1. From the phi of every residue in the stretch 135-142, what ³J(HN,Hα) in whole Hz does the Karplus formula 6.51 cos²θ - 1.76 cosθ + 1.60 yield, where θ is phi - 60° and glycine or proline is x?
2. List every residue whose amide H lies under 5 Å from the amide H of Ala170, counting only residues 5 or more places away in sequence or on a different chain, with H placed 1.01 Å from N in the peptide plane.
3. Work out from phi, with θ = phi - 60° and the Karplus expression 6.51 cos²θ - 1.76 cosθ + 1.60, the ³J(HN,Hα) of each residue of the stretch 173-188, listed in order in whole Hz, and give x for Gly and Pro.
4. Spin-label point model (7 Å from Cα, Cβ direction): what's the Thr175 to Ile48 distance in nm?
5. Multiplying the sequence separation of Ala107 and Thr58 by 0.36 nm and subtracting their Cα-Cα distance, what value in nm do you get?
6. ³J(HN,Hα) across the stretch 49-55 via Karplus (A = 6.51, B = -1.76, C = 1.60, θ = phi - 60°), whole Hz, x for Gly/Pro?
Amino acid sequence: MTIPRCCAFVALFWIADASPASAQCSYSISKTTFSVLSTLSLQSASVITGTACSWTATTTDPWITITNGTDHTGLGSVNFRVAANPTSSVRTGTLLVAGQILTVTQAAGSCTYSVSPTSFAIDPLSTSRTLSVVTGTQCTWGASTVETWITITNPGAGVGISSVTFSVTANGTATQRVGTLTVAGQTVTVTQAGDAGATPPPRPSNLRIVR
């Protein structure tokens, strides 16, 4: 069977035109570098492409959050939030948007923190205490402890002025114990008295007294 030359040309044109649409897409981004202050901020960049062209926006930096989703099609924008920088060093992060890299450079943190009180003296009973954190409205901070008998109940992190509540279990021994929390980078000391009615620990049986 012989295909007429005109038909062969049409068939070849159809095959060439059947390539995936994504292979024909090109992308232009309005802004690829951002220099931001140390405080929390909202940023965005426009993406220009064909109406049927799909693209994604992702980041692996925990202090950058994409706020309008990762999957997009056609003209659009990527919106993202940059958390306040709690450190004294400049930091740099990236986003991958429509196959292109967006770079975010954030100034060193200018936040200062006041924690009050920074020490507690409490009785042997189970109880809870609250301390306050004073800082700028956009300054982030955290609260943590490694002590098994101290539990942070509200909250473990915050932004701006707030408070931290922690609870302590009863001290069932006759020995005073001391633990710490780290709140907004500062050390808070908790001293809990021993229970006077508790039985003291037994003397080691292999203890020798040398006179």
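1. The phi angles translate into 7, x, 5, 10, 8, 8, 7, x Hz.
2. Ser126
3. 3J(HN,Hα) across the stretch 173-188, in whole Hz: 10, 7, 9, 4, 10, 10, x, 9, 10, 10, 10, 6, x, 10, 8, 10.
4. 7.2
5. Values: separation 49, 0.36 × 49 = 17.64 nm, distance 2.20 nm.
Answer, rounded to one decimal: 15.4 nm.
6. 6, x, 5, 9, 8, 9, 7
Values in this text are rule-based calculations from the coordinates and carry no lab data. Note that the coordinates shown come from a computational prediction; the quantities given were computed from them, not determined experimentally. Cβ atoms come from the backbone with ideal geometry, glycine included; neighbour counts cover every protein chain shown.
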